[in-house]
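S.K.: Provided herewith is a single structure, encoded as structure tokens, for subsequent inquiry.
The values are calculated or read from the model by the stated rules, or taken from the named source; none is laboratory data. What you are looking at is a predicted structure, and each value in this text was computed from that prediction instead of being measured. Counting neighbours? That spans all protein chains shown, and the Cβs are built from the backbone with ideal geometry, glycine included.
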Amino acid sequence: MDTKRNALTWMPSRRALLLGAVAPALMPGLGLDALAQTPRQGAPPRKTPGFFLTEAEERLLTALVDRIIPRDEWPSASEAGVVDFFDFQLTTDWGHGQGLYRKGPHTAGNPRQGYQLPYTPSEFYRRALADKALAGFEGLAPAAQDALLTRLEKNELSLGDIPGGTFFTILRQNTLDGYFSDPIHGGNRDMASWRMIGFPGAHAYYITEIDRFELDYARPPAGVAYRTDGVLRGVAQTARGR
Amino acid sequence: MATRLPKTDVVIVGGGWTGLTAAYELAHAGKKCTVLERGAFRHEVPNLQSPEMHDELKYALRYKLMMDTQRNTLTFRNRRDETALPMRRLGSFLPGEGLGGAGVHWNGQLYRPLPSDLRLRSHYTEKYGAGAVSDELTIQDWGVSYDELEPHFDFFEKVCGAAGQAGNLRGEKVAGGNPYEGPRQNPYPNPPMKQPLATTMFGEAARREGFNPFPQPSANVTQRYTNPYGAVLHPCTYCGFCERFGCGYFAKADPIICVYDRIKDHENFELRVNSTVLRVDKSPDGKTATGVTYVGEDGREYEQPADMVLLCAFGLWNVHLMLLSKIGEPYNPETNTGVVGRNYAYQTMSTTRVFFNGKHRFNPFMAAGALGTIADDVNGDNFDHSGLGFVGGGYLGVTQTNGRPIETSPVPSQTKTWGADFKRAVREHYNSTTTIVLHGSSMATRGNFLDLDPTYTDDLGRPLLRMTFDFPENDRRMSKHCTEQAVRIGRAMGGDLVEPSERASSSYSVVPYQTTHNTGGAVMGTDPKTSAVNRYGQAWDQHNVFVFGACLFPQNIGYNPTGTLMGLAYWTLTKIKSDYLANPRPLEG
């Protein structure tokens, strides 16, 4: 069967996704009934505040991530929910600095010593997205957007005290994080990226397939909480642990 | 002011493979053992169950099972004339935290060292002459032989239910195994892993090129199995969520199911989690340890007196604790004196990508931590080193460990790493690309060492450990030579494009993941001037302190370290039980 057909059967709907699928899956105490009634696939956009991003930041970030992963026969980053992913991630413990050593003094060092800025991810994006070097980015033509991103990538441009190369590397990685991670985190809507490359997802058990050479493994992907056919799996457990 | 607790017989710092094993063995020898683990309690049920465990973002990218660098990390620089800066996020290596330690998220690639690895300097000097070892290197013999350790390697393979093919059974070569391995008294307890297409293609091409491929020895178990402690393991499902994850299938041997579950109810065993040891306390004359001081779950300081102190943290943190506690003289690279922090080494990795441009379906998501086909022909001194200008080597192999999509976007180096071309290339190459790894040795030098940082501190106010490390010239040459062999096999596999990438072609960076095989810093040996502990892991100056783990390695071998360090752990524990407990004293070297 061809799981790659109908790659673009829906339109972006970031707020609907957040309210309809992501938040309940991560909140303890919400039963399956409540979840089953929430809108998911193809729901209309809802005008409600995001968790973290302002509308201006959201517009800019949409333009940025869609140059990292543009639309072709498969969804672009923002169409797959990557901006929702950012919005949610930046409010998590990770967004507020978990796993990041924050004591000073802060010195630039060399690239082999890694990230040395004082900012948590939420502080980092808030600062970077407000920098004048990115002002009006969303209004540029794609070629001009790519040219600016290339200057950042090559460290020819900085965003205040954030080196362009540092911003580009982190933006690119977090865009891939959102595009390819489990949909419970808000990106990879309808598991489009997994269908694109043929990754079957979280429900993984290949004891009888592992040594079948050249096997065309076409099972639709399944995430931690959902299968693409709408069947709920293990939702009550997703809130467990840290 | 620390609260003084009732005395225990043995206090054990760290609840991973070595700490829990030490507790098991010494509790059964009649000693009250108290394990202090800095991280939280966790267990396969309920913490490691799938599908929740199969969340790549949470575990592989956000490191939920690893140490929290917000609280404690180390500082890093390549050279002494640079200023070390904190490793603010995990990257190059991933120490664990919580019950089971790094043994929970390891891959289970389970090797023994070569007999010649354990007497490295003597071996090269005897075979190639006095000039074979360059002045750059501070490599040395381990002080313990393969024959002495063999029963302990054997036992740990049984604890893990290791799956593999013997290559040398009591001196007899066995077809299909590693012809270079030291003699083993027993075959592996379980048959090898099933092999998928990519690893099979590697094996066939390697054989055509004159190499001797064999299935990677694995602590991912291949059939229902009961270990010597009574733990039951189940067959690996090839789920592809192994390294960086815990195994909810009870199929990857780890310290929780293999050891902890079998000792947890014993009257002589006690575990205290969320307990960070601040220092080892010493007697007024400095000749023995009196116990440890730690910060408990409630945030208060406790003094835990004990007859014996076992350092069983991840190797780096054993060294940290020794430096903080002044167990042994700190290494001074200027004068080349002192021992603690000396001979830090790592692993010299290269990867050679083999692209087939859509011609094969490798299904990389069907995978396991220790699923691979290996060739050991360029490891150790398995090949003639005459005139090569380096010592050491590494194994080559295709290991199909995962196809998780955030971490798996193999695209040719000519392709841009973002944009439309990148996206198309990921789609084209995801399922038809494989990688030949070189898992290379890492030789010790005078310039690579561990000490205390003068500037940065952890959340408890203690100086961070400082790492000074770069790839030695010896290892750069080794990497180049051995990676050329990987390219040769990659071409023989029929790849459309074969692209090598060597870590040691530039200076070491603490950012990209390489391996969690940090070794040395508290090396074992027979000379107190060049080793921090004697050949039993016993501190030279405080005879009731014993050190475990890869920090004991005088330099790093071309294999994953767990099999070797656990062999050493059982060697030490056997000596403690059979000799030291009845007559505590400095053991003869």
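S.K.: For the range B:60-76: of the residues being more than 7 Å from chain A (Cβ to nearest Cβ) and crowded, with 22+ Cβ neighbours inside 10 Å, which is nearest to B:ARG244 (Cα to Cα)?
M.R.: Filtering the range B:60-76 for residues that are more than 7 Å from chain A (Cβ to nearest Cβ) and crowded, with 22+ Cβ neighbours inside 10 Å, the one nearest to B:ARG244 (Cα to Cα) comes out as B:ALA60.
S.K.: Condition check: of a type in the set (Lys, Arg), more than 14 Å from every other protein chain (Cβ to nearest Cβ) and in a loop (DSSP other than H, G, I, E, B). Does B:ARG342 satisfy that?
M.R.: yes
S.K.: Another question, then. Residues that are buried (at least 20 other Cβ atoms within 10 Å of the Cβ) and over 25 Å from B:MET66 (Cα atoms): does the range B:236-246 have at least one?
M.R.: Checked against the condition, which is being buried (at least 20 other Cβ atoms within 10 Å of the Cβ) and over 25 Å from B:MET66 (Cα atoms), the range B:236-246 yields no hits at all.
S.K.: Considering only the range A:162-174, I want to know if a residue exists there that is over 18 Å from B:TRP418 (Cα atoms) and among the hydroxyl-bearing types (Ser, Thr, Tyr).
M.R.: There is no residue in the range A:162-174 that is over 18 Å from B:TRP418 (Cα atoms) and among the hydroxyl-bearing types (Ser, Thr, Tyr).
S.K.: From the list B:THR351, B:THR399, B:THR415, B:THR337, exactly one residue is surrounded by 24 or more Cβ atoms within 10 Å (Cβ to Cβ) and hydroxyl-bearing (Ser, Thr, Tyr). Which is it?
M.R.: Answer to the selection: B:THR399.
S.K.: Give me a count of the residues in the range A:197-215 that are assigned to a loop (DSSP other than H, G, I, E, B), modelled with pLDDT of 95 or more, more than 16 Å from B:THR401 (Cα to Cα) and at the interface with chain B (Cβ under 7 Å from one of its Cβ atoms).
M.R.: 4
S.K.: Moving on to the next point. Tell me the residue from A:ASP177, A:ASP182, A:ASP161 that is more than 10 Å from chain B (Cβ to nearest Cβ) and either closer than 27 Å to B:PHE93 by Cβ or surrounded by fewer than 22 Cβ atoms within 10 Å (Cβ to Cβ) (or both), please.
M.R.: Residue meeting the stated conditions: A:ASP161.
S.K.: Within the range B:33-51, track down each residue that is outside any loop (DSSP other than H, G, I, E, B) and under 23 Å from B:VAL295 (Cα atoms).
M.R.: Those that are outside any loop (DSSP other than H, G, I, E, B) and under 23 Å from B:VAL295 (Cα atoms): B:CYS33, B:THR34, B:VAL35, B:LEU36.
S.K.: Give the range B:535-561 a look and list any residue that's touching a Cys at 6+ places or on another chain (Cβ under 9 Å) and either on the phi > 0 side of the Ramachandran plot or hydroxyl-bearing (Ser, Thr, Tyr) (or both), or say none.
M.R.: B:GLY549
S.K.: Just to be sure I understand, how many residues within the range B:204-220 are in contact with a Pro (Cβ under 7 Å, 6 or more places away or on another chain) and of a type outside the set (D, E, K, R)?
M.R.: Residues flagged as in contact with a Pro (Cβ under 7 Å, 6 or more places away or on another chain) and of a type outside the set (D, E, K, R) within the range B:204-220 amount to 3.
S.K.: Out of the residues in the range B:220-259 meeting the condition of being in a loop (DSSP other than H, G, I, E, B) and of a type in the set (D, E, K, R), tell me which one is farthest from the other protein chains (Cβ to nearest Cβ).
M.R.: B:ASP254
S.K.: Is there a residue in the range B:28-45 that is within 22 Å of B:TYR229 (Cα to Cα), among the basic types (Lys, Arg) and either within 20 Å of the chain's Cα centre (by Cα) or within 10 Å of another protein chain (Cβ to nearest Cβ) (or both)?
M.R.: Within the range B:28-45, one or more residues are within 22 Å of B:TYR229 (Cα to Cα), among the basic types (Lys, Arg) and either within 20 Å of the chain's Cα centre (by Cα) or within 10 Å of another protein chain (Cβ to nearest Cβ) (or both).
S.K.: Output the number of the condition that A:SER13 fails; it satisfies all remaining conditions of (1) over 24 Å from A:THR169 (Cα atoms); (2) surrounded by fewer than 19 Cβ atoms within 10 Å (Cβ to Cβ); (3) modelled with pLDDT under 95.
M.R.: Among (1) over 24 Å from A:THR169 (Cα atoms); (2) surrounded by fewer than 19 Cβ atoms within 10 Å (Cβ to Cβ); (3) modelled with pLDDT under 95, the lone unmet condition for A:SER13 is (2).
S.K.: Suppose we filter the range B:134-166 for residues that are in a loop (DSSP other than H, G, I, E, B), in contact with a strand residue (DSSP E or B) (Cβ under 9 Å, 6 or more places away or on another chain) and without any contact (Cβ under 8 Å) to a residue 60 or more places away in the chain; how many remain?
M.R.: Residues that pass the stated criteria total 3.
S.K.: Which one is farthest from the other protein chains (Cβ to nearest Cβ) among residues in the range A:99-123 that are closer than 25 Å to B:SER507 by Cα and part of a helix (DSSP H, G or I)?
M.R.: A:PRO111
S.K.: Let me ask something else about it. Which of the residues belonging to the range A:142-168 are out of contact with any strand residue (DSSP E or B) (no Cβ under 6 Å at 6 or more places or on another chain) and aromatic (Phe, Trp, Tyr)?
M.R.: A:PHE168
S.K.: Considering only the range B:305-328, I want to know if a residue exists there that is of a type in the set (Asp, Glu) and not in a strand (DSSP E or B).
M.R.: no
S.K.: May I pose another question? Any idea which of (1) within 30 Å of A:LEU64 (Cα to Cα); (2) buried (at least 22 other Cβ atoms within 10 Å of the Cβ); (3) touching a strand residue (DSSP E or B) at 6+ places or on another chain (Cβ under 8 Å); (4) not acidic (Asp, Glu) is the one B:ILE374 doesn't satisfy?
M.R.: Against the list (1) within 30 Å of A:LEU64 (Cα to Cα); (2) buried (at least 22 other Cβ atoms within 10 Å of the Cβ); (3) touching a strand residue (DSSP E or B) at 6+ places or on another chain (Cβ under 8 Å); (4) not acidic (Asp, Glu), B:ILE374 comes up short only on (1).
S.K.: Out of all the residues in the range A:129-147, which are in a helix (DSSP H, G or I) and more than 9 Å from chain B (Cβ to nearest Cβ)?
M.R.: Selection gives A:LEU129, A:LYS132, A:ALA133, A:LEU134, A:PHE137, A:GLU138, A:GLY139, A:PRO142, A:ALA143, A:ALA144, A:GLN145, A:ALA147.
S.K.: Spot the failing condition for A:ALA147; the list is (1) in contact (Cβ under 8 Å) with a residue 24 or more places away in the chain; (2) surrounded by fewer than 19 Cβ atoms within 10 Å (Cβ to Cβ); (3) farther than 20 Å from A:ALA108 by Cβ, and only one is missed.
M.R.: (1)
S.K.: On to the next question. Out of B:GLY380, B:GLY369, B:GLY403, I need the residue that is on the phi > 0 side of the Ramachandran plot and either touching a residue at least 60 places away in the same chain (Cβ under 8 Å) or in a loop (DSSP other than H, G, I, E, B) (or both). Which one?
M.R.: Every option except B:GLY380 fails the conditions.
S.K.: Let me ask something additional. Taking the range B:100-133 on its own, how many of its residues are touching a helix residue (DSSP H, G or I) at 6+ places or on another chain (Cβ under 6 Å) and outside any helix (DSSP H, G or I)?
M.R.: 6
S.K.: Then there is this: Tell me which of these A:ARG126 doesn't satisfy, since it passes every other one: (1) in a loop (DSSP other than H, G, I, E, B); (2) charged (D, E, K, R); (3) more than 10 Å from chain B (Cβ to nearest Cβ).
M.R.: (1)
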